[in-house]
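Here is the structure we will look at, set down as C-alpha cells.
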Amino acid sequence: MECMHASNPSHLRLRHRNLALVTLCLAVLIAQVDTAVVNLAVRRIGQAFSSGLDALQWVVDGYNLVYAVMLLTGGLLADLKGRRLIFMAGAAIFTAASLLCAFSPMIGVLIAARATAGLGAALLMPSSLAILRVMWPDQAERGRALGIWAACNGVAMAIGPTLGGALLHAFGWPSIFLVVVPIGLAALVLAALVIPESADPQERYFDGGAQAFGAAALGGFAFAAIAMRETPPVALIAAFLAMVSLFSFITIERRYGHRAMVPLDIFENTIFQGIVTATAGMTFGIYGPSSCCRCSGKKQDGSARRWRALL
C-alpha cells in the first residue's frame, strides 16, 4: 500500500480510497439488507414449497447460526491469508449462495444456500473492517471511514423492509435474493481493482483450540436463542455448553496477549464497549420482536394464524 501511495498523486489516492470505502460499504449493505428482507418473505416461501414453520425458521436461522460460528475464523483468515483475498472469497460465496437461494428447487436446498450465505457474510464483514483499519492508518480519518461503514448498517435496516416489500409485491420471493447479486458482483470487481492486498501472518497464528471453543461459544449462544422458541430445555443445555466454551476460550486467549485471536484488552476500551452495547441493542431490537411473534404463533390454533404470526 505504501508503494501505491508513493506512485500516485494525492488526489488519486483519495479517489482510490473513496472507491475502496464504497466497496466495503457494499459488503455491509448486501449482508444486512439480505437479513432484513428475508423475514418478510417467509410466508411466500412457505406457500411456494408447502413448508411448515420449522423449516421456515431455518431459512432465517441457518444464516445466523453459520455466521455466528464462522465469524472469528473469518477475521483470522483475513489476517493470515490476505484481507482482500478473504473479502473477495466472501463476496463470491455470498453472491453465488444468493443466486442459489433464488432458484432453489426445494426447501432443503434453500436452507443450505442460506447457510452458505452466512459463511460468505462471516468472511466479508471482519475482512472489510480489517481492510478499513489498514487503508486508513490515521486515527481521525479511520474514525470517519468507520462511521460511514457503520452507518451503512442502519441504512440497510431502514431500506431493507421497504425494498423487500416492493420486490415481493412486484416480482415474488426469489427477487429478494436476486437483488443482492449485482451488488455482490460489483463489490467483487471493485475489490480486485481498488483494494490492495495485506496480511499480518507474523502477528497472528491459527490456534485450533481457540478456534474450536470460540466457534462453540458463538454457535452455542446463537443456537440457544433459536431453540428457546421451540425447546427451552435444549436451549438451556446449549447455553450452558456455550458458557463452558466461552470460559475455555478466554483461558486460552489470556496466554497470548496481543497475539491472541481476540486480544482481551480491547474490552477495556470504552469506545469499543459502547459499540458492542449499541450493536447488541440493535440486534435484539431486530430479531427479538420476530422471535416473539413466532412463539406466540405456536399458541394459536389454525394454520392461518400461524402464517400471520410470521409477518
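The values are calculated or read from the model by the stated rules, or taken from the named source; none is laboratory data. Just so it is clear, the structure is predicted and the values come from calculations on it, not from any experiment. Ideal geometry is used to build each Cβ from the backbone, glycine not excepted, and the neighbour counts take in all protein chains shown. The area values use the complete protein model at the heavy-atom level, side chains included, leaving out ligands, DNA and RNA. Shrake-Rupley method; radii C 1.70, N 1.55, O 1.52, S 1.80 Å.
Using a probe of 1.4 angstrom, how much of the accessible area of the range 123-179 is carbon and sulfur, in percent?
In the range 123-179, the share of accessible area belonging to carbon and sulfur is 70 percent.
With label points built 7 Å along Cα→Cβ from the Cα atoms of Gln47 and Ala140, find their separation and express it in nm.
5.6
What nm distance separates the two modelled labels at Val109 and Lys81, each placed 7 Å from Cα along Cα→Cβ?
In this crude spin-label approximation the distance works out to 2.7 nm.
Using only the Cα atoms of the range 86-201, what do you get for the radius of gyration and for Dmax, in Å?
Spelled out, the Cα radius of gyration and Dmax of the range 86-201 are 16.0, 50 Å.
If you count only protein heavy atoms with a 1.4 Å probe, what accessible area per residue comes out for the range 81-197, rounded to a whole Å²?
Working: 4840 Å² over 117 residues.
For the range 81-197, the solvent-accessible area averages 41 Å² per residue.
Run the 1.4 Å probe and let me know the accessible area of Thr231, rounded to the nearest 10 Å².
Taking all protein chains as shown, Thr231 has close to 60 Å².
Roughly speaking, what is the stretch gain from Asp54 to Ala150, that is 0.36 nm per residue apart minus the C-alpha to C-alpha distance, in nm to one decimal?
Details: separation 96, 0.36 × 96 = 34.56 nm, distance 3.29 nm.
Between Asp54 and Ala150, full extension yields 31.3 nm more.
So who's got an amide H within less than 5 Å of the one on Asp207, skipping anything under 5 residues away but keeping other chains? H placed 1.01 Å off N, in plane.
Answer set, sorted by chain and number: none.
Quick check: from the Cα gyration tensor, does the range 174-249 come out rounded (a/c under 1.5), prolate or oblate?
Judged from the Cα gyration tensor, the range 174-249 comes out oblate (a/c at least 1.5, b/c at or above a/b).
I'd like the Karplus ³J(HN,Hα) series for the range 112-129: coefficients 6.51, -1.76, 1.60, θ = phi - 60°, whole numbers in Hz, and an x wherever there's a Gly or Pro.
Each residue of the range 112-129 in turn: 5, 5, 5, 5, 5, 4, x, 4, x, 5, 5, 8, 5, 5, x, 5, 5, 5 Hz.
Please give, to one decimal in nm, the separation of the simple spin-label points placed at Ala170 and Asn18, each 7 Å out from Cα toward the Cβ.
Once both label points are built, they end up 2.9 nm from each other.
Hey, any idea what the orientation-averaged projected area of the convex hull of the range 44-122's Cα atoms comes to, in nm²?
The orientation-averaged projected area of the Cα hull of the range 44-122 comes to 4.9 nm².
Taking 0.36 nm per intervening residue step and subtracting the Cα-Cα distance, what contour gain separates Met228 from Ile250 on full extension?
5.4 nm
Taking all protein chains together and a probe of 1.4 Å, list Phe223, Phe249 from the most accessible to the least accessible.
Most to least solvent-accessible, the answer reads Phe223, Phe249.
Once you have the Cα-Cα distance between Arg133 and Thr162, take 0.36 nm times their residue separation minus that, and quote the gain in nm to one decimal.
7.2 nm
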